[in-house]
């Protein structure tokens, strides 16, 4: 009778070393991806330092937590910057400075503070089910939006928005 049984496929093994080899070859652990990190960081307010990110990530996300612990201890403006640092960690190469997350972040920081960026709008409407009308957009954003952001949203038309591209076009129209 087998002493060690695979919880995934049910195969039995007499020796622990064969069981462990079976687990490594037949059911290897999936490596953490940038998408896993982004999913774990969903809902985290930025900017945050590495330690601030670790405070927000629970122990149930241990593989992602281990990756975050290895990142440089600096302030990250958004999840894209965290993903960029993760890529540098994985490849051991510094990413070029002209990557969209960096240039876009710089442009957003220089933009008028009274006009929300498309990325900020995307975060305000994360999880919304399109299509929606203007009033539904405003109602959805109200708990998370600043007073200035709500003033911009009040200028939105009452027509139907089918996706975030429609919302971005409307932002460009009203600002």
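For the range 141-161, filtered to residues that are in contact with a strand residue (DSSP E or B) (Cβ under 7 Å, 6 or more places away or on another chain) and surrounded by 12 or more Cβ atoms within 10 Å (Cβ to Cβ), the residue that is modelled with the lowest pLDDT is 161.
So is residue 21 out of contact with any helix residue (DSSP H, G or I) (no Cβ under 6 Å at 6 or more places or on another chain), in contact (Cβ under 8 Å) with a residue 12 or more places away in the chain and surrounded by 12 or more Cβ atoms within 10 Å (Cβ to Cβ) or not? No; evaluated as a whole, the condition is false for this residue. Against the numbered list (1) out of contact with any strand residue (DSSP E or B) (no Cβ under 6 Å at 6 or more places or on another chain); (2) surrounded by 11 or more Cβ atoms within 10 Å (Cβ to Cβ), residue 73 comes up short only at (2). If you go through the range 1-26 and pick out every residue that is assigned to a strand (DSSP E or B) and on the phi > 0 side of the Ramachandran plot, you end up with 0.
The values are calculated or read from the model by the stated rules, or taken from the named source; none is laboratory data. The model shown is predicted, which means the values in this text are computed figures rather than measured ones. Don't worry about glycine lacking a Cβ; one is built from the backbone with ideal geometry, like all the others, and counts go over all protein chains shown.
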